[in-house]
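Coordinate-derived values only; no laboratory data. Note that the structure is a prediction, hence the values are computed from the model and not measured. Positions of Cβ are backbone-derived with ideal geometry, glycine not excepted, and every protein chain shown enters the neighbour counts.
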Amino acid sequence: MSEFASIALHIMLYERLADELAALIAKGPLRPGDRLPSIRRLAEQKRLSISTVVQALRQLEDRGWVEARPKAGYFVGSPSIPLPEPQPAAIDYQPTDVAVTQRLLAVLRANDSRDFVPFGNACPAPELLPVARILRLYGRVARHYPKLLTDAGNTWTHNNLPALTRQIVKHSMEWGKVLDPAEITVTNSCAEAINLCLRVVTEPGDTVAVESPTHFVFLQILENLGLKALEIPCHAQHGLSVEALALATRLDAVRACLLIPNANNPLGTTIPEDHKRRIVRLLAERNIPLIEDDISGDLHFEGPRPPPLKAFDETGNVMLCSSLSKALSSGIRVGFVAAGRHKNAVDLQKALLNGITNPISQMVVAEFMESGGYDRHLRALRRALARQVQCVSAAIAEHFPEGCRISRPKGGYVLWVELPERCDASVLHREAIAAGIAFTPGELFSASGLYRHYLRVSCGYPWDARMAAGIEKLGRLLARQRFDERAPGDGYRHSPTEPGWQR
Ligand SMILES: Cc1ncc(COP(=O)(O)O)c(C=O)c1O
């Protein structure tokens, strides 16, 4: 073999081994902190030379996948993310009419399709959910409780299944302040819970303070109810700016506040506890109802379960909304609201809107939680999601052009990516869809057209070669964007204007 051919073979072998080990780390058998087999062992197992193995490990070390510890060997590391965090957008603090639904529907169609590389739909992959167990429970519940199929009432007094409210209350023990079963209303979803709350505390034309960026589901609901959004800036690590909220609610214009305090979607932030306390106190003092969406609170990556805002509520002003749509099953359609002093009004709205929530599904969730299965499932799901977020982050850091920024989620399954300002995520989206890749353009997370150079990348699916190729392709598309095609003054506000409440 010529010297050149032998070098080429050496490179091919160590790259193959590096890819093989990276795949094991990405898919889970090897976890951060795990020790790798020794160099000698790997060489024997793989029938490779020591120098080939050393080279493979060095390559993985350069990419952040492993770290060498003196005299101890190689350990699985956390791929470093050499990108800074996204910056807040400049916001003009004007209540804004909301009109996102038409643009959103086209994007959601691709997000929901299995034909696209799945960076769009913000949900854990089916293989991460206990689907077989849930199916068995449906059969069992229907057999054991046939009256649930025939004796459902028509009034809200029949809506909550006590077995489920008991489990919801029990689950709340984890975050310190136990929910009162009397304030819970079971709903079909988190979106329904939020809808009911807003119907109770606002009238068409009112203004609702939301985080910026905020989830498009909120914007859709505001649009549908004829409400305006007032966007409040957020910090990349701490989420909502309490100071900005205090200023924005100083005048009597804000009728309600709608927030995602834990594992925020799209930012990934969890509001620190002392900020949560201040937010709850501030809004109680100003008599502004606080609606919180805690749908991903159970999907935190580290430490104890972060408390919702409700844990700091002493006046019944906080309306805690959540559902099992993300953590258990998007099809099970069970959620709830703990509405504090608005409980009776929420019940009436629920009765007017759709009567009761499917009692079979309620019982399935109750039995699943009762069995301890939910907590076990959550532990595995949290680990898988943290790993997936890390893999997607590392790939973005490797393939996206210079000048990008990326969030460091504290939980959940989404990344918020800021592109260089001259980039246009909507143009990227068009090209990505043509290439079979889904994601959600940033402008859908703002009522006022902010975030045109941002995107949300979902990490709900286990990392694989198709996703790796998808991120690489997005990176190539971004590098190729012809920035000179953007018309100046395209209707999007990027510059701050004097906030009305400061004048
Ligand atoms: C933050 C947030 N809230 C609410 C929802 C809607 O959840 P559900 O299906 O329970 O209405 C979603 C789903 O996309 C979400 O991401």
Straight-line reach check, Lys350, cutoff 24 Å on alpha carbons, 8 or more apart in-chain or any other chain, hits among lysines -> Lys147, Lys170, Lys228, Lys310, Lys326
Relative contact order, percent, of the stretch 3-76 when contacts are C-alpha pairs under 8 Å separated by at least 6 residues? 37 percent
Largest-first principal axis extents of the Cα set of the chain (Å): 83, 63, 42
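Provide the FRET efficiency to the nearest 0.05 for the Arg69-His158 pair, computing r from the beta carbons and using R0 = 51 Å.
On the way: r = 61 Å, r/R0 = 1.20.
For R0 = 51 Å, the calculated efficiency reads 0.25.
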With a Förster distance of 45 angstrom and the Cβ-Cβ distance between Leu378 and Ala469, calculated FRET efficiency to the nearest 0.05 equals 0.90
Could you give the length gained by full extension between Arg31 and Asp112, i.e. 0.36 nm per residue of separation minus their alpha carbon distance, to one decimal place? 26.2 nm
Pop the C-beta distance of Asp252 and Arg281 into the FRET formula with R0 = 22 Å and round what comes out to the nearest 0.05. 0.75
Stretched out fully, how many nm does the piece from Arg140 to Glu174 gain, at 0.36 nm a residue minus the Cα gap? 9.4 nm
How big is D, in µm² s⁻¹, for the stretch 14-53 by Stokes-Einstein at 4 °C and 1.567 mPa s if Rh is the Kirkwood radius over C-alpha pairs? 122 µm²/s
Over the Cα atoms of the stretch 3-76, each weighted equally, I'd like the Debye log10 I(q)/I(0) at q = 0.19 Å⁻¹, rounded to two decimals. -0.73
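Averaging sequence separations of C-alpha pairs under 8 Å and six or more residues apart, then dividing by the length of the chain, give the relative contact order as a whole percent.
Here the relative contact order equals 22 percent.
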Take the Cα coordinates of the stretch 145-212, assign each an equal point scatterer, and use the Debye formula without solvent to give log10 I(q)/I(0) at q = 0.17, 0.22 Å⁻¹. -0.85, -1.09
Computed log₁₀ I(q)/I(0) - Debye formula, equal Cα scatterers, no solvent, the stretch 95-134, q 0.18, 0.19, 0.30 Å⁻¹: -0.65, -0.69, -1.01
